[in-house]
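Take a look at the structure set out below.
The values are calculated or read from the model by the stated rules, or taken from the named source; none is laboratory data. Values in this document were obtained by computation on a predicted structure and should not be read as measured data. Heads up, the Cβs are rebuilt from the backbone with ideal geometry, glycines too, and the neighbour counts pull from every protein chain shown.
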There are 4 protein chains.
Amino acid sequence: MAPRRVNIGVVGLGRMGKRHVHTLVSRTPRANVVAVCTNLEHELEWARSNQDYKDFEIAVYDKYEDMLNHTGIEAVWVSTSTDVHAIQTKMGVQKGLHVMCEKPLSIHLEESQEVIDIADKHPQLKVMAAFSRRFDASYRDAAKKVLQERVIGKPYMIRAQTCDLLDTTGFFVRYATRNGGIFVDCAIHDIDLTLWYLDNPVPKACWATGTLQHHPELAESNDVDNAVGVVEYWGGKIAYYHCSRTQIHGHDVSTEVSGTEGKISVNLIPRANNVVVNDKRGMTHEVQEEYWQRFEYAFETEAREFIDSILTDGPVPVPLKTGQKVMEIARALQSALWSGEVSRWNEKGELIESGERKINGALNGHAK
Amino acid sequence: MAPRRVNIGVVGLGRMGKRHVHTLVSRTPRANVVAVCTNLEHELEWARSNQDYKDFEIAVYDKYEDMLNHTGIEAVWVSTSTDVHAIQTKMGVQKGLHVMCEKPLSIHLEESQEVIDIADKHPQLKVMAAFSRRFDASYRDAAKKVLQERVIGKPYMIRAQTCDLLDTTGFFVRYATRNGGIFVDCAIHDIDLTLWYLDNPVPKACWATGTLQHHPELAESNDVDNAVGVVEYWGGKIAYYHCSRTQIHGHDVSTEVSGTEGKISVNLIPRANNVVVNDKRGMTHEVQEEYWQRFEYAFETEAREFIDSILTDGPVPVPLKTGQKVMEIARALQSALWSGEVSRWNEKGELIESGERKINGALNGHAK
Amino acid sequence: MAPRRVNIGVVGLGRMGKRHVHTLVSRTPRANVVAVCTNLEHELEWARSNQDYKDFEIAVYDKYEDMLNHTGIEAVWVSTSTDVHAIQTKMGVQKGLHVMCEKPLSIHLEESQEVIDIADKHPQLKVMAAFSRRFDASYRDAAKKVLQERVIGKPYMIRAQTCDLLDTTGFFVRYATRNGGIFVDCAIHDIDLTLWYLDNPVPKACWATGTLQHHPELAESNDVDNAVGVVEYWGGKIAYYHCSRTQIHGHDVSTEVSGTEGKISVNLIPRANNVVVNDKRGMTHEVQEEYWQRFEYAFETEAREFIDSILTDGPVPVPLKTGQKVMEIARALQSALWSGEVSRWNEKGELIESGERKINGALNGHAK
Amino acid sequence: MAPRRVNIGVVGLGRMGKRHVHTLVSRTPRANVVAVCTNLEHELEWARSNQDYKDFEIAVYDKYEDMLNHTGIEAVWVSTSTDVHAIQTKMGVQKGLHVMCEKPLSIHLEESQEVIDIADKHPQLKVMAAFSRRFDASYRDAAKKVLQERVIGKPYMIRAQTCDLLDTTGFFVRYATRNGGIFVDCAIHDIDLTLWYLDNPVPKACWATGTLQHHPELAESNDVDNAVGVVEYWGGKIAYYHCSRTQIHGHDVSTEVSGTEGKISVNLIPRANNVVVNDKRGMTHEVQEEYWQRFEYAFETEAREFIDSILTDGPVPVPLKTGQKVMEIARALQSALWSGEVSRWNEKGELIESGERKINGALNGHAK
């Protein structure tokens, strides 16, 4: 008797899709990748000629509907571009499949709500939001210390930055037009961490500003390449964020949680590995290039826990709706960035003020 | 023939006043402390019974006017509480003495302008603002790298925090009522660093929020014990600040300057010394308790350069008016914190919008 | 058609044996664990009741000979105690199976040479020594920098320490009687790194000393719980080692390679993860408890490369004989430790002097 | 009445002599430098034209005897080359002056013993050995933690390195011929720390080896530019040392003290200041160039405490004889380095074996 494994298909074979297939095949023993799907010709070619895929009998589809009909398929991993996350998740659920959906579910709150509603109608299916930091060993250790061991007393402030290495290939900028703006694209992990560590605080007001330093072409899509935002939460809690797409030294993602009895830092000093070079310049260590090097094993844990929730019929580690509140805050920051005005919520967390003025900080940066 | 030394008097014998006397006596060979002055009885007693003061023939005065008339006095170091900085500086200048004035000159922009004007009328006198970080070896090294060697390309963003150890004695809170609010009291060094490293940018807009975590009594003086503020500058530059009076681990003051070709960090990991304890908890190092441990030798350099500017009739390292622009920005952040509204400047740096609403973030934090 | 996988059996189900099975099952997609074997009753029970083993159809044997006869078995992973490594490796090879053998092959040089000779007679079989640090990302990065990029010029000195967490369970001490002494047990990875980074230098002389701080019972087996040794190599190269079984803060394994143009450090500051706690004591990070936390993913790479060498009929990454030279040096250090005398080699690397005096340093430490 | 100050003369105006004058003049308010002395023409010229020296009325002598006769002189700071330390100290004492003598007193044990005997006959005079690390804030903090707070239980092992920046000027090599060899020149601070932290242990055996990597000309004076030595002490204590004159990244002096309950590290990661540069290479900090940057303020404390011991007639912080035991161990290591043989002591600390064979490791390194 073969081991009990979940038959899964992966849709989207971009950089991350390929990595998810890799993780599922090589580090998730209870997953059985039966199919992949993409509608991009170069990805199809790549997949069809991949010897590993042949060896592991992974079918390659160019139509999502066809993959959903693959014999024995039980689950789908949605790893496409943001604009089709919602529809593909919905289709998977309606087909009776478990679905892991990359963040964000949608940049439109109504659309993502619709998917959540559909998922709620299929409680037997595991439908999960992929917030990978929730599976990282360091963030989990921090959560244990903050929330269970209470080593910093009452937590009241988050400082978080998601600062990516400068992409000199231009790939990112082409992709940026569909991603909803820098806070939606980069800060949602930081906002998610805020909700986690501050125990689901209700936002009260936020403001943001930004600048264009390396990607003037982003001005066309009303975006910036560096932004700073502050969110005040009801009850005297505060979070502030820095998003950057223009780091020179590497992927610099760090988080600090301040509490009444101490502070916990995660990855304040990013390091590629344990090596230090001592030479004429002094002492130097390298920094991870991107989130993959930082979170490679978090993706393993994420995949395993999704598969386990299916096999054991347990709750998914990150429910779909977690992403909804995160997205509301990201969009309010985005609105503040674009308008220069403060966004405000009432105590129930309903957005009551949100500016409409055109972005100007970015254009200034660009103009210089 | 005795060496050429500057005869100096120190007014104010609080914690810092004593330290300045110490620095001048023991690490500033060209200074000759001839007198000290305080109107507080316990400080007077302490000074009168101090054997070092006797040995070094330091006269002790209880009236500032009297000290100004001490035979041979050439310079004054003003180290009193903020509310008398301006008047004492003015009196010193009018008496024909050089003056070093602790920051800030005044929390009232008109008052400090008046002193600046008077000083301008006495160009032969050295009148200097004491921004101690400008004399710190690390901040100077960072300035050299940023401004001269241009190792980070064009600098465009500052992240700075001035986070002080929690004061459990209550001393601070009693003092807080006269200091103008947390941004005026704590952030002005950070704002000064911003002007330094970003080459005197013109502010465009700012917003801030705060919370009360340990000192509910501050609510009476409309203050908070933690605040976060963001300042957008014209030309696509940004600075953001965190001020805290409630750190548990020590004095945690760090600064990061981001540029188009890199980032420079100063004191990201604060350390009391070079010792690490490896035990059951892991690896631990201590953190400086307060700014004195962090900046002890910056104060030495500051004192020496002030004395040198007198002896050589050279320019003072930090002109009085530097403090004026810093104070304007601090007060705009303070206004944003109190009102919840955005403060705005035009391209000439004239404040054009500033909210008046009552502070609410602080009260929330307090209420919880 | 099922993917091409190597059918492998693991002998020894102690702490590491279990971990190797785990790695092979869950992170080595081209390996197929078909059997395990142990002659210890409690390990047999544990294995027989293990649901994962049932799910993945892993046969459980109590006789090594029986496992070697398992239908379709192609390779063996030897993870038993040191005293049977050689015989089990030999039996595997003689049965026509590929073998991965945990370090050391044997503490008796003659015995290990015999196995090497037998393996040499079966060149079609992959027989590999498990020196896990050779597969660690940081050590590989260091090797690339030292040997390929030559960033430190000509390397001439190694400082290495293998310092293990104090084992308060007594398990280790019971095990220690068969492991050949502290240098044989702990330093062979460090010696292997020396041969790697200094490009197979020929030893010239060595001396060592040790002490007993926590495990006085080790005196019975003539062993110590902390030892320091220095090896001079021909050509002006030097390595020095510290082995400890009594660390309080965790697994502290670090290596430094000095060269004419710089120095490279690996893991000088051991860290369990990226989390730092800032509290009354200062700033603290935890340290890995043991080599597993430090080298978990090196074991993954090791397993994958062993399996790959079989599937592609390529050379094994670490030949069996690498361990032989390492063991010679370890035993010479051990001899120096026991005798208090210098061990010496001629320029061909033949041992020409080696002391016989009884250990005394250890007893001193114990006596105190 | 002028403050009570000690009139002091400094002999030797090399790099360190100038620095001691600087410290005494500018950071030691109770010292009054009345004279300096050197017999080197270029130093004399430099001193005679030094405006500060003129301003502070410092007499410049070319004969030590003359300086000893300077009116009012009370103390002498001996900062000449090692070969005249003993005679100048003796002359100072015989003249009735307090003496601070740079380390080492002499490389000849008989000569230094003679000076100690003479000093003992003048108990009213303060005669002190300048072991500057004893005055460093970090080493003192470590001593407090180890010896008073006992945070690491019973200390039993020292690892210490004194690794100096490569001197490409050739100055050092010219100087090296008189300094007694690398362990005598570089390791005596490390040995002193060992005696301090391990509470004056009695040496039992030692061995050492070395290599020549950058300074082949040292072979003429039978010296090496890198050496490693291990000292076993009676009672199960161990210290091991690395001395280097060829570091590329800076002055890398670190010390670790292992105890039964933990380990304390001092300066494991040397840093020039708090600045980190984040750029394409990763994250880099600079390292101090030499001991002056590392110990500048230790020299201040040393000078103040010497002066205080005179003014208060208290004991000197580091008695002359401390250096004697240190020198014995340094010379035994030197002997082991030169001979390749083990040096041994009996339980009373009397040297009973010491090799005579010619150094060979160094020549090997050189030959390559």
Hey, does segment C:202-217 have a residue that's more than 25 Å from residue D:214 (Cα to Cα), modelled with pLDDT under 95 and part of a helix (DSSP H, G or I)?
yes
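One line per residue, one yes/no per condition, for (1) part of a helix (DSSP H, G or I); (2) modelled with pLDDT under 95; (3) within 19 Å of residue A:104 (Cβ to Cβ):
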{"residue": "A:4", "(1), (2), (3)": "no, yes, no"}
{"residue": "A:65", "(1), (2), (3)": "yes, no, no"}
{"residue": "A:70", "(1), (2), (3)": "no, no, no"}
{"residue": "A:86", "(1), (2), (3)": "yes, no, yes"}
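Results for (1) more than 18 Å from the chain's Cα centre (by Cα); (2) surrounded by fewer than 18 Cβ atoms within 10 Å (Cβ to Cβ); (3) without any contact (Cβ under 8 Å) to a residue 24 or more places away in the chain; (4) outside the structural domain of residue A:151 (by the TED database), shown as yes or no for each residue.
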| position | (1), (2), (3), (4) |
| --- | --- |
| A:253 | no, no, no, no |
| A:256 | yes, no, no, no |
| A:262 | yes, no, no, no |
| A:270 | yes, no, no, no |
| A:277 | yes, no, yes, no |
| A:290 | no, yes, no, no |
| A:304 | no, no, no, yes |
| A:316 | no, no, no, yes |
| A:343 | yes, no, no, no |
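Residue by residue, here is whether (1) small (Gly, Ala, Ser); (2) within 13 Å of chain D (Cβ to nearest Cβ) holds:
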{"residue": "B:144", "(1), (2)": "no, yes"}
{"residue": "B:163", "(1), (2)": "no, no"}
{"residue": "B:172", "(1), (2)": "no, no"}
{"residue": "B:180", "(1), (2)": "yes, no"}
{"residue": "B:188", "(1), (2)": "no, no"}
I'd like the full set of residues that are under 19 Å from residue A:106 (Cβ atoms) and not small (Gly, Ala, Ser), limited to segment A:325-337.
A:325, A:326, A:327, A:328, A:329, A:331, A:333, A:334
Checking C:118, C:191 in turn, the sole residue that is of a type outside the set (Gly, Ala, Ser), modelled with pLDDT of 95 or more and surrounded by 21 or more Cβ atoms within 10 Å (Cβ to Cβ) turns out to be C:191
So residue D:187 passes all but one of these: (1) without any contact (Cβ under 8 Å) to a residue 60 or more places away in the chain; (2) touching a helix residue (DSSP H, G or I) at 6+ places or on another chain (Cβ under 7 Å). Which condition number does it fail?
(1)
Can you give me the number of residues within segment B:88-116 that are assigned to a helix (DSSP H, G or I), out of contact with any helix residue (DSSP H, G or I) (no Cβ under 6 Å at 6 or more places or on another chain) and of a type in the set (D, E, K, R)?
2
Return the residues of segment A:137-154 that are in contact with a Lys or Arg (Cβ under 8 Å, 6 or more places away or on another chain) and either farther than 23 Å from residue A:287 by Cα or not in a helix (DSSP H, G or I) (or both); say none if nothing qualifies.
A:151, A:152
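Just checking, does segment C:170-184 include any residue being β-branched (Val, Ile, Thr) and over 19 Å from the mean Cα position of the chain (by Cα)? Walk me through it before giving the result.
If we filter segment C:170-184 for residues that are β-branched (Val, Ile, Thr), which is where we start, we get C:173, C:177, C:182, C:184.
This time we only want the ones that are over 19 Å from the mean Cα position of the chain (by Cα), so: none.
No, segment C:170-184 contains no residue that is β-branched (Val, Ile, Thr) and over 19 Å from the mean Cα position of the chain (by Cα).
Looking only at segment A:117-136, filter to residues that are away from chain C (no Cβ under 14 Å) and in a helix (DSSP H, G or I); which one of those is nearest to residue A:199 (Cα to Cα)?
Looking only at segment A:117-136, we keep the residues that are away from chain C (no Cβ under 14 Å), and these are A:117-132, A:134.
The next check asks that each one be in a helix (DSSP H, G or I); those that pass are A:117-120, A:132, A:134.
On the way: A:117: 24, A:118: 27, A:119: 24, A:120: 23, A:132: 18, A:134: 14 Å.
Among those residues, the one meeting the criterion is A:134.
Tell me, which strands (runs of 3 or more DSSP E) lie completely within segment A:218-297 with 1 or more residues that are of a type outside the set (Phe, Trp, Tyr) and either facing another protein chain (nearest Cβ under 7 Å) or more than 23 Å from residue A:140 (Cβ to Cβ) (or both)?
On the way: elements: A:226-233, A:237-247, A:252-259, A:262-266, A:275-279, A:282-285.
Passing ranges, in order: A:226-233, A:237-247, A:262-266, A:275-279, A:282-285.
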The conditions are (1) under 19 Å from residue A:200 (Cβ atoms); (2) at the interface with chain C (Cβ under 10 Å from one of its Cβ atoms); (3) touching a helix residue (DSSP H, G or I) at 6+ places or on another chain (Cβ under 8 Å); (4) not basic (Lys, Arg), and residue A:153 fails exactly one of them. Which is it?
(3)
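Residues checked against (1) assigned to a strand (DSSP E or B); (2) within 23 Å of residue D:5 (Cβ to Cβ); (3) touching a residue at least 40 places away in the same chain (Cβ under 8 Å):
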residue	(1), (2), (3)
B:8	yes, yes, yes
B:19	no, yes, yes
B:22	no, yes, no
B:29	no, yes, no
B:32	yes, yes, no
B:35	yes, yes, no
B:47	no, yes, no
B:52	no, yes, no
B:57	no, yes, no
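Of the residues B:86, B:35, which is crowded, with 22+ Cβ neighbours inside 10 Å and either more than 26 Å from residue D:29 (Cα to Cα) or charged (D, E, K, R) (or both)? Spell out the reasoning first.
Details: B:35 fails: either more than 26 Å from residue D:29 (Cα to Cα) or charged (D, E, K, R) (or both).
Every option except B:86 fails the conditions.
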Considering (1) at the interface with chain C (Cβ under 9 Å from one of its Cβ atoms); (2) within 30 Å of residue B:271 (Cα to Cα); (3) of a type outside the set (A, V, I, L, M, F, W, C), say which one residue D:211 fails and leave the rest.
(2)
